[in-house]
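**Student:** One structure, as structure tokens, below. Some questions next.
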Amino acid sequence: MQNMLTVIANALKGGAKINGAQTVSEGSGIVVSARSFAALTPQASFDIKRCDLHRLDEGPSVQTVLTREDGLRYYRTMQTMRRMELKADQLYKQKIIRGFCHLYDGQEACAVGIEAGINPTDHLITAYRGHGYTYTRGVSVKEIMAELTGEDFLHKAIFICENNKYGMGTSVERASASTDYYKRGDYIPGLRVDGMDVLSVREATRFAADYCRSGKGPILMELQTYRYHGHSMSDPGVSYRTREEIQDVRSKSDPITMLKDRMISNNMASLEEIKDIDAEIRKEIEEAAQFATSDPEPPLEDLCNHIFYNDAPLEVRGTNPWMKLKSIS
């Protein structure tokens, strides 16, 4: 337990593929339009944004190495999160998902970068905007979608503030006298990190984990990120900010696009390979949504299960004094 951390807080007619490369037929010949996977770069170095520091003599490195394998894994995970949240948006508007629904699209680099910088055995505690972390912690898309739709299916510490620029409908500049959240720990050292860059988040998290594990005490990380949706699905998200602002962030700082462009421009992945991953993810999300919306609702007697952890069934009053339910855990 000593080394555990608590982290608070996707026939050649018409073209065929040979060794992962897209081909097209021209008469009797074959033209290869992309390099084979064997010719792709196995790893590359990247410059990343320097972190702002608070009560620290040094911070994370401003250079990092990304392997092709890790890059594709990060891309698939972030794209899966993005597609899952967009599907949740659709199901909410169809009134299939009800109640509160806080979506995570735009902030994917935070969850994936944090997970890449710690160990699977480290504890991770999230707030309510936690669909992405639920997925990175091993819960399948089908299970997440089923839970959202309500269907039946069967001081070593790093403190993290994902600053997405708004508290509900109020910008941080209007809500806070000081927006330097990485300094809010006062005597606790802090880092301000580019939360739209999965590699920056990964390196900062590795730095913070090493800092804590070396016995220097806790540390605070502020990840500067952005949410594309409103605070929740009941918030359209455009009454206190403009559509142009949202589009500007999407076009300049989108975490998925940033990683994809890095890998393609450094010959670590082909465009066809990326498109194949996107298609696989879309298929997975659609199948999960179909699963979640076609399963039966759980029976009424299961409504109060798992309210508390208890050995014996616990009696729970229903909507009136005469209705008695059981809570089993």
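**Student:** Which is within 30 Å of GLU280 (Cα to Cα), open to solvent by 20 Å² or more (accessible area, probe 1.4 Å) and modelled with pLDDT of 50 or more, of TYR92, TYR75, TYR104? I'd like the intermediate steps shown before the answer.
**Tutor:** Values: TYR75 fails: open to solvent by 20 Å² or more (accessible area, probe 1.4 Å); TYR104 fails: open to solvent by 20 Å² or more (accessible area, probe 1.4 Å).
Answer to the selection: TYR92.
**Student:** Can you tell me how many residues within segment 188-216 are in a helix (DSSP H, G or I) and of a type outside the set (A, V, I, L, M, F, W, C)?
**Tutor:** Taking segment 188-216 as the starting set, the residues that turn out to be in a helix (DSSP H, G or I) are 198-213.
From what's left, of a type outside the set (A, V, I, L, M, F, W, C): 200, 202-203, 205-206, 210-211, 213.
Qualifying residue count for the region: 8.
**Student:** If we keep just the residues of segment 230-260 that are of a type in the set (D, E, K, R) and within 20 Å of the chain's Cα centre (by Cα), which is most open to solvent (accessible area, probe 1.4 Å)?
**Tutor:** At the first step, the residues of segment 230-260 found to be of a type in the set (D, E, K, R) are 235, 241, 243-245, 248, 250, 252, 254, 260.
When the remaining residues are screened for being within 20 Å of the chain's Cα centre (by Cα), the result is 250, 252, 254, 260.
On the way: ARG250: 90, LYS252: 146, ASP254: 12, LYS260: 58 Å².
If we take residues in segment 230-260 being of a type in the set (D, E, K, R) and within 20 Å of the chain's Cα centre (by Cα), then LYS252 is most open to solvent (accessible area, probe 1.4 Å).
**Student:** Also, quick follow-up: Kindly indicate whether any position in segment 116-123 is crowded, with 23+ Cβ neighbours inside 10 Å, modelled with pLDDT under 95 and not in a helix (DSSP H, G or I).
**Tutor:** Checked segment 116-123: no residue is crowded, with 23+ Cβ neighbours inside 10 Å, modelled with pLDDT under 95 and not in a helix (DSSP H, G or I).
**Student:** Another question, if that's okay. Counting only residues that are part of a loop (DSSP other than H, G, I, E, B) and open to solvent by 30 Å² or more (accessible area, probe 1.4 Å), how many does segment 170-187 have? Explain how you work it out, then say what you get.
**Tutor:** Let us first name the residues in segment 170-187 that are part of a loop (DSSP other than H, G, I, E, B), namely 176-180, 184-187.
With the extra rule that they be open to solvent by 30 Å² or more (accessible area, probe 1.4 Å), the set shrinks to 177-180, 184, 186-187.
Selection size over segment 170-187: 7.
**Student:** Out of segment 127-168, which residues are in a helix (DSSP H, G or I) and either open to solvent by 40 Å² or more (accessible area, probe 1.4 Å) or closer than 28 Å to GLY217 by Cα (or both)? Don't jump to the end; show me each part of the working.
**Tutor:** Going residue by residue through segment 127-168, those that are in a helix (DSSP H, G or I) are 131-136, 141-149.
Across segment 127-168, the qualifying residues are GLY132, TYR133, THR134, TYR135, THR136, LYS142, GLU143, GLU147.
**Student:** Just a yes or no: is a residue in segment 286-309 exposed (fewer than 14 other Cβ atoms within 10 Å of the Cβ), of a type in the set (A, V, I, L, M, F, W, C) and farther than 24 Å from ILE97 by Cβ?
**Tutor:** Among the residues of segment 286-309, at least one is exposed (fewer than 14 other Cβ atoms within 10 Å of the Cβ), of a type in the set (A, V, I, L, M, F, W, C) and farther than 24 Å from ILE97 by Cβ, which makes the answer yes.
**Student:** Does ASP311 satisfy being among the acidic types (Asp, Glu) and more than 27 Å from the chain's Cα centre (by Cα)?
**Tutor:** Numbers: among the acidic types (Asp, Glu): yes; more than 27 Å from the chain's Cα centre (by Cα): yes.
Yes.
**Student:** Okay, moving on. Report whether or not PRO255 is over 30 Å from LEU325 (Cα atoms) and either modelled with pLDDT of 95 or more or not hydroxyl-bearing (Ser, Thr, Tyr) (or both).
**Tutor:** On the way: over 30 Å from LEU325 (Cα atoms): yes; either modelled with pLDDT of 95 or more or not hydroxyl-bearing (Ser, Thr, Tyr) (or both): yes.
Spelling it out, PRO255 is indeed over 30 Å from LEU325 (Cα atoms) and either modelled with pLDDT of 95 or more or not hydroxyl-bearing (Ser, Thr, Tyr) (or both).
**Student:** Hey, ALA109 hits all of (1) in contact with a helix residue (DSSP H, G or I) (Cβ under 7 Å, 6 or more places away or on another chain); (2) surrounded by fewer than 17 Cβ atoms within 10 Å (Cβ to Cβ) but one; which does it fall short on?
**Tutor:** (2)
**Student:** Could you tell me how many of the residues in segment 188-216 are open to solvent by less than 20 Å² (accessible area, probe 1.4 Å) and either modelled with pLDDT under 95 or of a type outside the set (S, T, N, Q) (or both)?
**Tutor:** Applying the first criterion (open to solvent by less than 20 Å² (accessible area, probe 1.4 Å)) to segment 188-216 yields 189-191, 193, 195-202, 204-205, 208-209, 212.
If we keep only those that are either modelled with pLDDT under 95 or of a type outside the set (S, T, N, Q) (or both) as well, we get 189-191, 193, 195-199, 201-202, 204, 208-209, 212.
The qualifying residues number 15.
**Student:** Here is a check on your reading of the model: is ARG227 open to solvent by 50 Å² or more (accessible area, probe 1.4 Å) and either touching a His at 6+ places or on another chain (Cβ under 6 Å) or charged (D, E, K, R) (or both)? Outline the logic, then answer.
**Tutor:** On the way: open to solvent by 50 Å² or more (accessible area, probe 1.4 Å): no; either touching a His at 6+ places or on another chain (Cβ under 6 Å) or charged (D, E, K, R) (or both): yes.
Considered against the rule, which asks whether it is open to solvent by 50 Å² or more (accessible area, probe 1.4 Å) and either touching a His at 6+ places or on another chain (Cβ under 6 Å) or charged (D, E, K, R) (or both), ARG227 comes out as no.
**Student:** Now a separate question. Answer yes if at least one residue in segment 192-203 is more than 21 Å from LYS260 (Cβ to Cβ) and touching a Gly at 6+ places or on another chain (Cβ under 6 Å), and no otherwise.
**Tutor:** Pass one, segment 192-203, residues more than 21 Å from LYS260 (Cβ to Cβ): 192.
Filter once more, so that each one left must be touching a Gly at 6+ places or on another chain (Cβ under 6 Å): none.
Checked against the condition, which is being more than 21 Å from LYS260 (Cβ to Cβ) and touching a Gly at 6+ places or on another chain (Cβ under 6 Å), segment 192-203 yields no hits at all.
Residue-by-condition table, conditions (1) open to solvent by 80 Å² or more (accessible area, probe 1.4 Å); (2) at pLDDT 85 or above; (3) not in a strand (DSSP E or B):
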{"position": "GLN2", "(1), (2), (3)": "yes, no, yes"}
{"position": "ARG50", "(1), (2), (3)": "yes, yes, yes"}
{"position": "LEU53", "(1), (2), (3)": "no, yes, no"}
{"position": "GLY59", "(1), (2), (3)": "no, yes, yes"}
{"position": "GLU69", "(1), (2), (3)": "yes, yes, yes"}
{"position": "THR80", "(1), (2), (3)": "no, yes, yes"}
{"position": "ILE97", "(1), (2), (3)": "no, yes, yes"}
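**Student:** Right, next: When you go through GLY113, GLY130 one by one, which is the residue that is modelled with pLDDT under 90 and within 24 Å of TYR166 (Cβ to Cβ)? Explain how you work it out, then say what you get.
**Tutor:** Details: GLY113 fails: modelled with pLDDT under 90.
Testing whether each residue is modelled with pLDDT under 90 and within 24 Å of TYR166 (Cβ to Cβ) leaves just GLY130.
The values are calculated or read from the model by the stated rules, or taken from the named source; none is laboratory data. Worth saying up front: this structure is predicted, and the values here are computed from it rather than measured. Heads up, the Cβs are rebuilt from the backbone with ideal geometry, glycines too, and the neighbour counts pull from every protein chain shown. Surface areas here come from the heavy atoms of the whole protein model, side chains and all, with no ligands, DNA or RNA. Shrake-Rupley method; radii C 1.70, N 1.55, O 1.52, S 1.80 Å.
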